[in-house]
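Here the structure is laid out as structure tokens; the discussion comes afterwards.
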Amino acid sequence: MDEKSKLKKVNFDFFQVWKIHDDQENVFDFDDWCELMNATKKKLDDRNIGYNGDIIRCNRIYVANEDKNPVTMLHFLRMRRGTAPAVANLNLPKLSDVDLKADEYIAEDASALFDSTNYVLMLQKNIFSLSVKALQQYVNYFWNEGKSDDEKEEIEFRPILRKDSYNRSKKANKINSFSFKTANMVKPIQSIFKTGIQNIIDSAKGYDGVSVEIKISTTRSKTSILDSKKVHDSVDEIVSNKNLFKKAVVVSGDSGHSEPIELLKEKLSCTREYVIPIKAFLDPEVVEQDMIEKYSPNNDKYKEIVDDNL
């Protein structure tokens with residue numbers, strides 16, 4: 001990699017798709033929605049809807065690996081109608097507008113993969129594009145279009161949570177930080193913990209607060225680590241009293257980089273890296289091909305990890 005390119009890390013989250021109707025809920029074959037869009041919304045303009053002042057759209061739907069372990073690929077866009085970024089010059093102080101035609105917008109995109117064998121959606125995380133909330137609103141808009149109130153169904157994308165968070169935290173030896181936040185306490189917790197957690201909670205009694213949040217970390221030195229036994233003992237107490245905590249995170253440095261392990265509700269995710277030319281966007285076709293190879297049983301088999309956590 002040289003000065004003409006940059007390395008971009010992209011996160012992908014995993015969800016299972018559900019449908020709710022009349023207080024009954026079932027997993028949902030998202031391919032039904034995809035087929036509906038391809039059949040009734042052939043023109044791109046028919047797929048545009050407004051969202052928080054912007055325009056969002058499902059740009060493309062297609063099936064990959066049709067002959068063996070097929071998956072459905074989707075590409076979503078968010079087109080900005082609000083304030084646009086400016087153009088700057090290295091040698092001049094003045095900013096100028098981005099020159100766009102009347103039907104052109106600054107766009108942020110996100111790709112998704114759907115597997116009908118386990119109802120799982122793998123979604124590219126792009127904070128400038130569609131959030132899960134925006135995606136749900138978009139999907140439900142078209143799924144319920146033209147239906148009466150009694151017929152309407154709600155499609156949800158529910159995060160898949162890791163089942164191995166506790167075991168991974170117990171295997172961590174080089175611990176860079178440990179943090180937790182208690183649930184709201186109507187009355188102080190009376191000496192139920194034997195680790196330093198109790199001392200931390202007790203030290204906050206005089207403030208009349210309802211919760212405690214703390215982070216214990218090391219120096220920036222690579223040789224500086226927390227006492228792993230004490231952290232592991234605290235982890236045991238937190239896991240045994242989950243109802244008393246909102247959040248707990250152990251950051252492990254065993255792999256050579258910081259790896260946060262959320263003990264209570266750690267979402268299943270993976271990270272990929274791409275080399276992108278300077279001033280160029282990340283090509284969605286590159287991302288989608290990489291998603292297929294990462295997830296598919298034909299290649300990297302991340303599907304096995306997903307299935308183990310369902």
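Read-outs throughout are calculated quantities, based only on the coordinates presented, and are distinct from any laboratory measurement. Every value quoted in this text rests on a predicted model; they were computed, and no experiment measured them. Neighbour counts run over all protein chains shown; Cβ positions are idealised from the backbone, glycine included.
A few remarks follow.
- Under 5 Å between amide hydrogens, built in the peptide plane, is the criterion, and for LYS6 it picks out ILE276, ILE278 among residues at least 5 positions away or on other chains.
- Backbone phi angles across region 235-244, fed through the Karplus curve with coefficients 6.51, -1.76 and 1.60 (θ = phi - 60°), yield HN-Hα couplings of 4, 4, 5, 5, 5, 6, 9, 4, 5, 9 Hz in residue order; Gly and Pro are listed as x.
- Put in line by how crowded their Cβ is, counting other Cβ atoms within 10 Å and starting with the fewest, HIS257, HIS232 read HIS257, HIS232.
- Take each peptide in 212-222, 242-252, count the other Cβ atoms within 10 Å of every residue, and average; sorted highest first, the result is 242-252, 212-222.
- Cα centroid separation, region 247-275 to region 284-300 (Å): 21 Å
- Relative contact order of the chain, pairs being alpha-carbon contacts under 8 Å that are 6 or more residues apart, as %: 23 percent
- Net charge of the neighbourhood of HIS232, taken over other residues with C-beta under 15 Å away and scored Lys/Arg +1, Asp/Glu -1, is +2.
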